[in-house]
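First comes the structure, then the notes that go with it.
Each value in this text was obtained by applying a stated rule to the coordinates, not by laboratory testing. Computed from a predicted model, the values in this text were never measured in an experiment. Glycine also receives a Cβ, built like all others from the backbone with ideal geometry; neighbour counts cover every protein chain displayed.
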Amino acid sequence: MQINNQIKMSKGFLPSTLIPILIVTAFGGLGWYSYYDKQKSHETVVLINQKEKKGLEDDLKQSQSSINALESRQLKLNGQNKRLLDQVNNHRQQTNSLNQRIVQFKNNLIRLRSELAVSNDQTTIVKTALIEERKNLKLAVEKTARLENSMQQMRDQVAKNVTKLEKQLEQRQTLEASLSAQIDSVSDEKKALFVKLQGEEQRRYQLQNQILWVNNNVDIKAEALLDAKQGLDKLQTKFNEIRIEKDNEAAEFVALRKKLEQELNQTQIQFTQLKNKMRIINLTSEVLFKSGSAEIKPEGQKVLVLIAATLNNFPNRQVFIEGHTDNIPMSNSSGYRSNWELSSARAISAALILQANNQVSPKRLKVVGHSEFKPITSNETEEGRRLNRRIEIRLLPESEDYL
């Protein structure tokens with residue numbers, strides 16, 4: 001009777017002992033599936049991180065907007081790292097929970113073995129159930145061992161991923177430092193460009209003011225241009241008048257030259273025109289005077305009358321009469337103490353002839369004697385002394401004096 005009751009108790013206890021085993025088996029399968037799914041998720045995250053790293057390296061070549069995108073992606077990666085750490089912690093909690101269940105199962109097994117040891121009358125069914133239970137327990141232990149191995153591999157992989165992520169974070173920090181330096185450099189360039197822009201703005205403002213000033217003075221410049229044109233016309237008219245006057249003057253002196261050449265030979269008279277419009281008529285003394293005398297000969301008076309008629313055609317111009325001698329000293333019988341007196345007396349005599357009969361106004365005449373001190377050639381020869389004994393009549397330009 002007692003054995004039958006024990007058999008009945010064993011039959012009723014068998015399902016209660018199998019339930020924990022089945023639960024442990026189910027949880028092991030679920031844990032393995034969850035671990036496999038999370039492993040795939042983790043690999044996907046790693047691939048995503050690698051793609052994002054490549055994108056970040058490309059974005060380093062961009063401007064300030066790329067830097068903002070990099071910071072945003074860094075925040076996103078930090079979030080992913082946090083989620084991954086949360087997953088690792090979750091796996092650890094599940095592992096701890098599974099370990100606790102295994103311990104509980106082992107305790108139940110110990111308690112079951114104790115009950116079986118206490119039972120003296122186990123039937124074949126109980127032995128079979130116990131064998132089956134041992135098999136299931138062995139399977140559960142094997143599964144638990146595999147799960148622990150998988151969890152260890154997962155821990156190792158997570159550690160590797162954490163190390164890799166730390167290296168990536170260090171690289172990103174280095175990149176951020178480099179980008180910060182580039183930003184500072186760009187800021188300095190922006191400051192320089194801003195200063196240059198201010199200079200260009202100031203220059204543009206000055207140009208605008210100049211344009212405004214030019215526009216405001218267009219009428220004044222137009223009037224000035226008109227005045228300049230009128231002045232140019234006046235100058236052209238004056239130039240034409242001067243040219244005509246010069247042509248007339250040249251014609252007058254050409255005519256005078258011809259008249260004098262009819263009276264004299266070319267060695268006795270010489271015409272010269274200087275750059276300042278001064279005209280010089282050079283007459284040798286033998287044309288006008290006897291040797292050692294200041295009295296003009298009749299043929300000399302005729303020559304001076306011809307010259308006076310030409311000079312009167314230029315009433316606004318001064319006339320200089322200059323007397324020159326050679327270096328031979330004066331004789332006692334000449335009546336002159338020096339060549340100074342003779343040269344001055346001869347110049348005065350010529351001036352009086354030019355003035356006679358109201359021909360040349362005395363206001364225009366100036367007389368000077370140079371003695372022998374302004375020769376035009378050497379006094380060593382008779383011919384040279386003859387040429388140095390002369391009267392020069394100089395017609396000065398208008399509004400000019402002769403020194």
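Descriptive notes on the structure:
- Sorted by Cβ neighbour density within 10 Å, fewest at the top, the residues PHE194, PHE289: PHE194, PHE289
- Between segment 39-80 and segment 293-312, the alpha-carbon centres lie 120 Å apart.
- Protection proxy ranking of 129-140, 376-387 - average other beta-carbon atoms within 10 Å, highest first: 129-140, 376-387
- Computed log10 I(q)/I(0) for segment 11-151 at 0.08, 0.10, 0.14, 0.21 Å⁻¹: -0.41, -0.54, -0.77, -1.20, from the Debye equation with unit scatterers placed on every C-alpha and solvent omitted.
- Calculated FRET value between ASN332 and ASN312, using beta carbons and R₀ = 35 Å, to 0.05: 0.30
- In terms of packing, defined here as the mean over residues of other Cβ atoms within 10 angstrom, the peptides 365-373, 156-164 line up highest first as 365-373, 156-164.
- Amide H contacts under 5 Å for GLY369, placed H, 5+ residues apart: GLY323
- Taking 0.36 nm per residue of separation and subtracting the current Cα-Cα distance, fully stretching the chain between GLN157 and ALA177 would add 4.2 nm.
- Shape category assigned to segment 55-125 from the gyration tensor of Cα positions, a/c cut at 1.5: prolate
- Theoretical FRET efficiency, 1/(1+(r/R0)^6), r = Cβ-Cβ of GLN236 and GLU295, R0 35 Å, to 0.05: 0.10
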